[in-house]
Amino acid sequence: MKLHEYQSKALFQEYGIPIPQGRVAETSREAGAIAAELGGTVVVKAQVHVGGRGKAGGVKVARDAAAAERHAQAILGMNIKGLTVEKVLIDEAADIQQEIYLAITNDRSAGQPLLMTSMQGGMDIEELNRTRPDAIIREHIDPILGLQPYQMTYIASAMRLPRAHWRSFLKILSGLYACYNKSDAELAEINPLVITGAGALLAVDGKVIIDDNALYRQPALTAQRDSSDEPESERLAREAGITYIKLEGQIGCMVNGAGLAMTTMDMTKLYGEAHGIGPANFLDIGGGATPEQVATALSIILSDANVKAVLFNIFGGITRCDEVARGILTAYNAVQPEVPMVIRLQGTNAAEGKKIISEAQLPHLISAETLTEAAQRAVAAVQESA
Amino acid sequence: MSILIDRNSKVLVQGITGRQGGFHARLMMEYGTNVVGGVTPGKGGEWFDGKPVFDTMRAAVKTKYADVSLVTVPARFAADAIMEAADAGIKLVICLTEHIPVADMMRVLAFCRQRGTRLIGPNCPGVMTPGEAKVGIIPAMVALPGDVGVVSKSGTLTYEVGFAMKNRGIGNSTIVGIGGDPVIGTTFVDILEMFENDPDTKKVALLGEIGGSAEIAAADYIKTSMTKPVAAFIAGRSAPPGKRMGHAGAIVDGGEGSADEKIQALEAAGARVAANPEEIPDLLS
């Protein structure tokens, strides 16, 4: 779960990391009032879960309250990479002498937290990694022991941070580690961490991503979830315990298992791409899905107007194909789909499952033996509908 | 012959009295796996299909010598269950549980390394040596005994490919599901190395997916150290960046972990990569 910048910085502040004065606004009027209260030059920043908002015009400097109100007016409601801006953060502008990159993330290969920092802050880490990999200091953290003081001194020294800033930097390092650790974060990033003209350190921008699997023990963070950029269909699926991701294609996919679900999408693309046809969604119905869940999943898939055919790909291992077939019929009767449905059942009791489907003699039902055949029939069904 | 497990492996099931644990323990026993008992805190002294249930792993290991443990308990208790097994001296722990927080897994992995315990998973379907034993949920019907080793991040995709091989008369030495989480106990490289050293494995099928760089490391290993032929499939070519595709680890992040990058690395290393998983048997024959 991603936190917005304003939420991330408020969290940093709880761990003793200094942040600029500022507040979030939902209207331009409110933005102007906050700017007036802060006085001086402020920055108006779009709060959306997407990178590159600066380049998209979502971050503006304002010399006074009137300018802040004007900028907020322009930014609120702006569409940045498909997301509508609903909140802006009004921060006092920092006097920037130097920008530092600082983050702690999960290193998947090492199975350890990884601290990364650089005196070349401001740009994103992928860009930095590409252009100046030698300018990034990396230090793994023992997950049992945590970040040790000697490591922090090493980091400050290796990055050639002027000694005058060591004391406050080390305090920020230990604060960021505590924040990452206690929040079950998969990323806690300050970029930039600014050295101001007055010689203070300030977390001017921040990004925190919380591990979804740990949300059950992070009630305060879970309460900050902003679902406004989550498509309605994805939210409904999430609440029904189904993993669904909306895509741009025409073939709705219903599959058991995440790896096979991705593969099924890939097959529709493999055989459909030349005709401009591809997957409409990722959907993992899971093992042992009930007919009710299959019906819910089918309605969610069909709520997407782009869907011109549905592809069921079920490998029955422990799940028996005859049970799945009955589930599909129940779902069919409940939802009454008007698009063709290609059904491919393989594995345990596949023959019985296929018999149930064929005996039902329902319109729009197309049976397939292999995954290849299923994908090709689904592509053909979309072509026929056009 | 095989890797990791065979008909002599003595297996404990943590969570044997649970619905999932019990269901799969029975299927494992039907398959011929030597399940010696189970552990459920608070149910010590009970019996499960003629096998003793213990309160703790220490008591279970003390009474019934065992060398493998299968963890089937829910996510909130699974990290602790893995550590309990490692602390009791079990050298191979296989964890099926999905949704364990990554922070817990990083601590558990460090703990297992200290104790000299190998962990497979979490969020995996387990391990099966066809004709001998299975520890986990891989269905018996998907594989025959044979000489192709299979290593995979996924469950049903593995069954699909195993079944396609079986229909062509191709069997498997051992099938290993390493799991779809970002932090897992055993990687592709670990298993490839075991297959390379296993005299009864002649060829290997590798089933990867988007996210992370484990397939890139596998490609490096194939290039530098493998003599046996490898056929591969990478799922998620059609997945958009920045979206988590079901598995916690299946996400293309900051341009890293894409299917194309992995396919290129594997091909450059000499592996034969299928565009369609149903072609894997062709690439192996």
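Assorted remarks:
- Note on B:150-159: average number of Cβ atoms from other chains within 10 Å of each residue's Cβ is 6.
- For A:Ala280, residues with placed amide H under 5 Å, excluding near neighbours: A:Gly249, A:Gln250, A:Ile251, A:Gly252, A:Cys253
- Measuring between their Cα centroids, segment B:130-175 and segment A:96-112 lie 40 Å from each other.
- Long-range HN-HN contacts of A:Gly347 with modeled amide H, under 5 Å: A:Gly316
- For segment B:10-120, relative contact order (Cα pairs under 8 Å, six or more residues apart, normalised by length) works out to 23 percent.
- Across segment A:21-93, C-alpha contacts under 8 Å between residues 6 or more apart give a mean separation that, scaled by the residue count, equals a relative contact order of 47 percent.
- Sulfur and carbon atoms: percent of accessible area, segment A:51-115 [1.4 Å]: 45
- Two-decimal Rg to Rh for the protein assembly as shown - Kirkwood Rh, Cα set: 1.00
- Between segment A:244-300 and segment A:197-238, the alpha-carbon center distance in angstrom: 27
- Summing charges over neighbours of B:Tyr221, with a neighbour being any other residue whose Cβ is under 14 Å away from its Cβ, gives -2 when K and R count +1 and D and E count -1.
- CD proxy at 222 nm, helix term only [per DSSP H run n ≥ 4: -39500 (n - 2.57); per residue of chain A; nearest 500]: -11500 deg cm²/dmol
- Cα-based shape type of segment A:14-55, given that a ≥ b ≥ c are square roots of the gyration tensor eigenvalues and the cut on a/c is 1.5: oblate
- Too-long pairs where the Cα-Cα distance tops 22 Å, listed order kept, from A:Lys182/B:Lys243; B:Lys10/B:Lys134; B:Lys134/B:Lys243; B:Lys153/B:Lys203; A:Lys354/B:Lys203: A:Lys182/B:Lys243; B:Lys134/B:Lys243; A:Lys354/B:Lys203
- Rg/Rh, computed from the Cα trace of segment B:1-125 with Rh as the Kirkwood radius, has the value 0.93.
- Segment B:188-235: equivalent-ellipsoid semi-axes (sqrt of 5 x gyration tensor eigenvalues, Cα, Å): 18, 11, 9
- Taking N as the residue count of segment A:21-93, its C-alpha radius of gyration divided by 2.2 N^0.38 Å amounts to 0.96.
- Placing a label point 7 Å from the Cα of A:Glu338 along the Cα-to-Cβ direction, the residues of segment A:296-313 with a backbone N closer than 17 Å are A:299-310.
- For segment A:343-358, Karplus couplings with θ = phi - 60° (6.51, -1.76, 1.60), whole Hz, Gly/Pro x: 10, 10, 10, 9, x, 4, 6, 4, 4, 4, x, 5, 4, 4, 5, 5
- Accessible area per residue in Å² at 1.4 Å probe, computed on chain B: 36
- Residue-count net charge about A:Val310 - beta-carbon cut-off 13 Å; Lys, Arg +1, Asp, Glu -1: +1
- Using the average count of surrounding beta-carbon atoms within 10 Å as a protection proxy, the listed peptides B:157-166, B:217-226, B:240-249 rank, highest first, as B:157-166, B:240-249, B:217-226.
- Within segment B:151-285, the ratio Rg/Rh, alpha carbon atoms throughout and Rh by Kirkwood, equals 0.94.
- Put simply, chains A and B cover up around 4000 Å² of each other's accessible surface, both sides summed, when a 1.4 Å probe is used.
- Subtracting the Cα-Cα distance of A:Lys171 and A:Glu239 from their residue separation scaled by 0.36 nm leaves 20.5 nm.
- Highest mean packing comes first when the peptides A:245-253, A:288-296 are listed by Cβ atoms within 10 Å, giving A:245-253, A:288-296.
- The Cα atoms of segment A:232-385 give a gyration tensor whose axes a ≥ b ≥ c have a/c under 1.5, which makes the shape rounded.
- Normalised contact order of chain B, rounded percent, pairs of Cα under 8 Å and 6 or more residues apart: 14
- Average other protein chain Cβ within 10 Å of Cβ, residues A:104-113: 6
- Solvent-free Debye scattering, log10 I(q)/I(0), computed from the Cα coordinates of segment A:166-245 at q = 0.23 Å⁻¹: -1.13
- Residues losing 10 Å² or more accessible surface upon assembly, segment B:164-209, compared with the chain by itself, 1.4 Å: B:Pro182, B:Val183, B:Glu209
- Taking every residue in A:246-259 and counting other chain Cβ atoms within 10 Å of its Cβ, the average works out to 5.
- Amide hydrogen proximity for A:Thr243: with H placed 1.01 Å from N in the peptide plane, the residues at 5 or more positions away or on another chain lying under 5 Å are A:Asp284.
- Against chain B, whose longest principal axis comes from its Cα atoms, helix B:75-87 is set at around 80 degrees.
The values are calculated or read from the model by the stated rules, or taken from the named source; none is laboratory data. Computed from a predicted model, the values in this text were never measured in an experiment. In this analysis, Cβ positions are derived from the backbone assuming ideal geometry, glycine residues included, and neighbour counts consider all displayed protein chains. All accessible areas refer to the heavy atoms of the entire protein, side chains included, with ligands and DNA or RNA removed. Shrake-Rupley method; radii C 1.70, N 1.55, O 1.52, S 1.80 Å.
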